[in-house]
Every structure is written in C-alpha cells, then in structure tokens.
There are 2 protein chains.
Amino acid sequence: MKKLVVVALGGNAILRGDEIGTIEQQEENTRNTLENLIPMIKEGYNMIISHGNGPQVGNILMRNDAGEQLYGIAQMPLDVCVADSQGGIGYMIERILRNLLREHGIEKEVVTLVTQVVVDKNDNAFSNLTKRVGKIYNKEQAENLKKLKGWQFKTSPKTKDGWRRVVASPKPIRVLNEQVINRLVNQGIIVITVGGGGVPVYIDDKNSVRPSEAVIDKDFASSVIGAALKADELYILTDVPYVYLNYKKPNQQQLETINKNEAEKYLEQGMFGEGNMSPKISACINFVKNGGNKAVITEATKLTDKTYGTKIVLE
Amino acid sequence: MKKLVVVALGGNAILRGDEIGTIEQQEENTRNTLENLIPMIKEGYNMIISHGNGPQVGNILMRNDAGEQLYGIAQMPLDVCVADSQGGIGYMIERILRNLLREHGIEKEVVTLVTQVVVDKNDNAFSNLTKRVGKIYNKEQAENLKKLKGWQFKTSPKTKDGWRRVVASPKPIRVLNEQVINRLVNQGIIVITVGGGGVPVYIDDKNSVRPSEAVIDKDFASSVIGAALKADELYILTDVPYVYLNYKKPNQQQLETINKNEAEKYLEQGMFGEGNMSPKISACINFVKNGGNKAVITEATKLTDKTYGTKIVLE
C-alpha cells in the first residue's frame, strides 16, 4: 500500500492577514502553496488535503450580519457558514490543483468533500467558550444579539471597547465520511476534506446527527482523520519553518525532532503560543499517539527539502 | 449491477418562495422532501441527488453586496458563491438524509461533493445573457456596477424600475468528477452532487480549468451526469404532479407518458413555460437521447406511487 499523507494548509496559505482578500489574491496564494505539494505527489504519496477557513468564515459571518441589516435576509447558523466556506475554498483548491497536476503531467483525480465532524456535546469547551468569530460589536449591539439569538460575547483584545461573539472549540472525535475518504485515497484520488476543521455536529440521544454551533481546530481534525486512516505522515503548514522554544526571545531554540513525551512536556510548560502553536503541537501529539509515524510543522515552501521542519515522533 | 437513479430536487424542496428562509424552514422542507426518497432507496436503487440553489445563491449574492457596502469586504465572484451554496445546501441534505436513513434502518453512506461542471466558453449563452441573479438595483447603481465590475444588467420584470445583473446560462458538457461519482455510486454510496447545476468552469486554450461567471441549469446538469454514468432513471422533482399542455387554461391536458419526438414537438410549439417547464423537458430529452431509460417530472410526494408523473421515454 502506498504511503498516505495528510497536509493541513494554514489560513494564510489562501488568504493572508495583510490582504483584503480579493479572489485574485486568494487564487495566487493557493497556487503558490499547492505548488509545494507537487514533489510529494510525484513521489507517489496518496494525499488528503485539509485547510483553514478563519478569514473566509469570518467574512461569511460578516456578510450574514450585513445582509440581515441591509436586506432582512435571515442569517444562517455557524454550521451552515462553515459548510459554505468548505464549498468555496474547496472548489478553489481543487480547481487550481487540477491545473497544477496537468501542468506537471500528473494524472490524478481530485475530489472535494463537504465534511461533517462529530464532537461531544458534553465537551468542556461548551461551558468555556473561547473562540471569537465574526464582527466586532459595541456593547449595546452585543447585548441585543445576546437577547435575540442567545449568542455569548467577550471583549475583543484587538479593540478598546469591542465585543465579539464567542463559540466553543470542542475536540473533534470522528469524521463522518472517514470510510469513504479511505476508499478514495486508496484509489489514488487526492481528497480535500475537513475544511475549516469540518462542520461540527453532535450525536443526540436519539442517535440523530445534529448541528453544533462551534468551530473545530483544523489541525486537530486533520490529525483525527489521519489517525483513523492510519496515515503515515501529517504535515501542518504554517508561516514559520520550525517550531521554537522561547519564540522571538534571545534564547529562542529551534526544534528539529522531538518525541511525544518532550512535546507534551514543553506543552505543559507553556513553551508555545497559546492561540497559535499549542494547538498544532497537540494535533501532532494526537497523531503520533494514535498510530501516525511522523508529524511535521513547517512552511509550505520548505516541503521539498525534508530536512526542514519540526518533526514530532512517538519515541 | 443495481439500477442507478438521479433525483434532482427543486429549489422549493429546500427553500420555498413564500418563506423568508430561516434555517428551521429549510431543514423542515428538506426533511419532508427527502422522506419521499426512502422507498426508492429501500428498493435498492443506487442514487445521485442533485439540488437547486436559486434562493440560496441569491441570498449569498445579496450578502456579498451588503458586506461590501457595510464593511468593505471584497465580493466573491459568482463561481465561488455557487460553490459556497453547494457546501451549505449539500451539508444540510447530507445530515438530514443520514438521520432519515438511520430512522428507517437503512445502512448506507452519503457523501457530498463540491462539483465543477464544464461549459463551452463559446456557448451562445455568453452572447445572450438571460439569467437574472442577485439584488435588484436602481439604474444609477446598475450603471456604476457595470463600469466597476463589468457586470451586465437587464430590467427586472418584477419591479417598475429595477435592474438586475444578468449572467449566461450555458449548457453543461461534462461533470469534472464523473469517474469518482461513478465509483462511489457503484459502491452503493448515495452521492450529493452538481448542486445548483455545478460550479461553472471552462477549459482554456492551455487546457487549464478556469472559472466561468455563469449559472448552469441544475436539471440539465443532472441529465448530463445521469447520461454519463448510464443511469436508468432521472427524476426531476418540482411543484406539480404532472407536466401539462396548456397549463392553467380551460383545455389543460395532463401528460402521462410521451416519447422524445413528442416532447421535442411540444417544446418547439412553445407548449411549456419558458423559464420553468421548458428547461426540465429539455433535460429529460437530453437524458433519454443519451442512453437513459426514463425521465420523470413530478412532485416529491408522488414518488412512492409510480403511476404519477409525466414520463419521458426514447420511443
């Protein structure tokens, strides 16, 4: 059987924070990122591609707000917004990847799945909402929306007196389409899935799949599908070539290969950025703990030279 | 090999014109529609489900307009909006169908594909834009948008002095994922695909897949994938139990079974509503002309009683 890799594209692989995010910018970024996957595909790896959706779903939520204000169009709940973003981003990745494959003379099919990911409705994350999403409101607007829609708010650290909706970020447990994804990758088809971490759903007491107003970390969801399908390698692409201890401090130290125990120790010691690098390390630990050979955190442009990147292994 | 059916859900299967389209309404409509597919699934048919996206992509376009006006968020092009709508609607159909299958004790996988459909960039439709999409503007706004974005406008028949963007509705030629869809349905997996007619793309001179600012008729796209995969039957679900000649006139005549030649003759004679029934008849003709056994136009609630519906056959 061929090696299977899961490649998780960071948000900035598609829409960079310093851009307004026109379609031209998103297409160029996507193409530049995907170009780096070609050597791996040429080597014959089977591949799952996942992607972030932070800026895009943020825009979709803002447009929902604006559409209701200006035109009275009913807002869609968060799960539908995430699904929308999987459609738009997945389509763009698939189309551009098809072109790159053709240019490189590679005959491979690509398919994009709209993917639901199961979370536990009793996950602690639902009693401690941490993930800020959508528009920055003032206090009065936030209180109105709380009454109207039951949304929860926290102050926005980026502004003096802004409030943002907060939602849970529960741990992904299982990808609903995992058996289908397995069949597809085993047939050599590149599968784009768990975009934005997947559409969060939970299983209710009657065994029904119900929508969950939450967002799932896309790196952790990637590690879950990777582990379930016994993938060999997980690549989490971000904007630094390595993970560092004491990042941007005088005693900054580049990590090359660390094992699960070391990674867990550093994590407990708070050596990584909370909102940024810690979840990536957790995803890598989850992957190697559940059968993955190697998880790598690096920049997309460093993929061709395999000496780069922080590698996390079991032992 | 099991029989394969393609079921095309009408726009009102999900969001009815007389509703504001809250998520609760969309979910209830979707559930009621899908319930009617259960007997067919129990009979052992393999199944492809497609769906309209008119009201939803209309809302997405309006939200794009509102988001740019209120918050300066870059608007996404039409192809991305269609892809977004495939994500949101496909997710909802898949989740609700999973629940129905479980309640009926049916063990079947369901998968939703984000689907690109190839059109001919030289299709006559691009020189005669007919499909009205998005917001109704006044004349000044329309002229501004024409200058700014190159959009074309026509007056809106629904208003006194409103203008709406018009886009092409080219004929679908080929579904990019047809081989993957074929494999999936042959494994008994229900595939939700060509939502909203598919994301329109064309193949440029360098053989690249390029986005097309157009919309594709979802019934015709359903007939194209049905014919390509040698499906046995195509069901186009709408809001009438039969197709009629002289619809709503004193001499109205219900059509039960007609062959391709009769259908073509009636179509030429303008016996069907231009914007509504004619494209459905064309889709049925295309299906039986290209190998399909039978195309049926009827209401979802009439599916269980197979005597209902207008059946179009080759001879």
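Those residues that are at pLDDT below 90 and either closer than 15 Å to B:Gly309 by Cα or surrounded by fewer than 12 Cβ atoms within 10 Å (Cβ to Cβ) (or both), I need them from the stretch B:253-286; list them, please.
Scanning the stretch B:253-286 gives B:Glu274, B:Gly275.
Just need a number here: residues in the stretch B:101-118 that are of a type in the set (A, V, I, L, M) and facing another protein chain (nearest Cβ under 7 Å).
3
Scan (1) within 14 Å of chain A (Cβ to nearest Cβ); (2) part of a strand (DSSP E or B); (3) farther than 20 Å from B:Tyr91 by Cβ for the single condition B:Arg165 breaks and write down its number.
For B:Arg165, the exception is condition (1).
In the stretch B:68-84, which residues are facing chain A (nearest Cβ under 7 Å) and either modelled with pLDDT of 95 or more or within 17 Å of A:Met92 (Cα to Cα) (or both)?
Listed by number, the residues that qualify are B:Ala74, B:Met76, B:Pro77, B:Val80, B:Ala83, B:Asp84.
Filter the stretch A:37-67 for residues that are under 24 Å from A:Ile181 (Cα atoms), more than 20 Å from the chain's Cα centre (by Cα) and within 14 Å of another protein chain (Cβ to nearest Cβ) and give the result.
Residues satisfying the conditions do not exist here.
If a residue has to be assigned to a helix (DSSP H, G or I) and facing another protein chain (nearest Cβ under 10 Å) to count, how many in the stretch A:179-195 make the cut?
Matching residues across the stretch A:179-195 total 6.
Got a sec? Which of A:Lys158, A:Lys147, A:Lys108, A:Lys154 is over 22 Å from the mean Cα position of the chain (by Cα), part of a loop (DSSP other than H, G, I, E, B) and at pLDDT below 95?
Answer to the selection: A:Lys158.
Any residue in the stretch B:138-154 that's surrounded by 13 or more Cβ atoms within 10 Å (Cβ to Cβ): show its pairings with residues that are of a type in the set (Gly, Ala, Ser) at Cβ separation under 6 Å, as long as the two are six or more apart or on different chains.
Final answer for the pair search is B:Phe153/B:Ala142.
Just the residues that are at pLDDT 95 or above and of a type in the set (Gly, Ala, Ser), please, taken from the stretch A:1-43.
The answer is A:Ala8, and nothing else.
From the list B:Ile73, B:Ile89, which one is over 19 Å from A:Asn207 (Cβ atoms) and touching a residue at least 60 places away in the same chain (Cβ under 8 Å)?
Of B:Ile73, B:Ile89, the one residue that is over 19 Å from A:Asn207 (Cβ atoms) and touching a residue at least 60 places away in the same chain (Cβ under 8 Å) is B:Ile89.
Across the stretch A:15-40, what is the number of residues that are of a type in the set (Lys, Arg) and in a loop (DSSP other than H, G, I, E, B)?
Looking only at that region, the number is 1.
With respect to A:Glu19, is the statement that it is acidic (Asp, Glu), surrounded by fewer than 19 Cβ atoms within 10 Å (Cβ to Cβ) and within 22 Å of A:Thr193 (Cβ to Cβ) true?
Spelling it out, it is not the case that A:Glu19 is acidic (Asp, Glu), surrounded by fewer than 19 Cβ atoms within 10 Å (Cβ to Cβ) and within 22 Å of A:Thr193 (Cβ to Cβ).
Mind checking which residues of the stretch A:291-311 are in contact with a Ser or Thr (Cβ under 8 Å, 6 or more places away or on another chain) and either more than 22 Å from A:Glu35 (Cβ to Cβ) or hydroxyl-bearing (Ser, Thr, Tyr) (or both)?
Answer for the stretch A:291-311, where residues must be in contact with a Ser or Thr (Cβ under 8 Å, 6 or more places away or on another chain) and either more than 22 Å from A:Glu35 (Cβ to Cβ) or hydroxyl-bearing (Ser, Thr, Tyr) (or both): A:Gly292, A:Ala295, A:Thr298, A:Tyr308, A:Thr310, A:Lys311.
Results for (1) within 20 Å of B:Glu27 (Cβ to Cβ); (2) modelled with pLDDT under 95; (3) not charged (D, E, K, R), shown as yes or no for each residue.
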site	(1), (2), (3)
A:Ile48	no, no, yes
A:Gln56	no, yes, yes
A:Gly88	no, no, yes
A:Asn99	no, no, yes
A:Val117	yes, no, yes
A:Ala142	no, yes, yes
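Name the residues in the stretch A:256-294 that are part of a strand (DSSP E or B), under 20 Å from A:Val7 (Cβ atoms) and out of contact with any Asp or Glu (no Cβ under 7 Å at 6 or more places or on another chain), would you?
A:Thr257, the sole residue that qualifies.
Kindly list, by first and then second residue, each pair from a residue in the stretch A:16-36 that is aliphatic (A, V, I, L, M) to a residue that is loosely packed, with under 15 Cβ neighbours inside 10 Å, limited to pairs with Cβ atoms under 9 Å and residues at least 6 apart or on different chains.
A:Ile20/B:Gly72
Taking the stretch A:119-138 only, how many residues are under 16 Å from the mean Cα position of the chain (by Cα) and within 11 Å of another protein chain (Cβ to nearest Cβ)?
Count: 0.
Any idea which of A:Arg16, A:Arg31, A:Arg98 is among the charged types (D, E, K, R) and within 9 Å of chain B (Cβ to nearest Cβ)?
Sole residue among the options that is among the charged types (D, E, K, R) and within 9 Å of chain B (Cβ to nearest Cβ): A:Arg98.
The values are calculated or read from the model by the stated rules, or taken from the named source; none is laboratory data. Please read these numbers as outputs of a predicted model, since none were measured by experiment. Note that we place each Cβ from the backbone using ideal geometry, even for glycine, and neighbour counts take in every protein chain shown.
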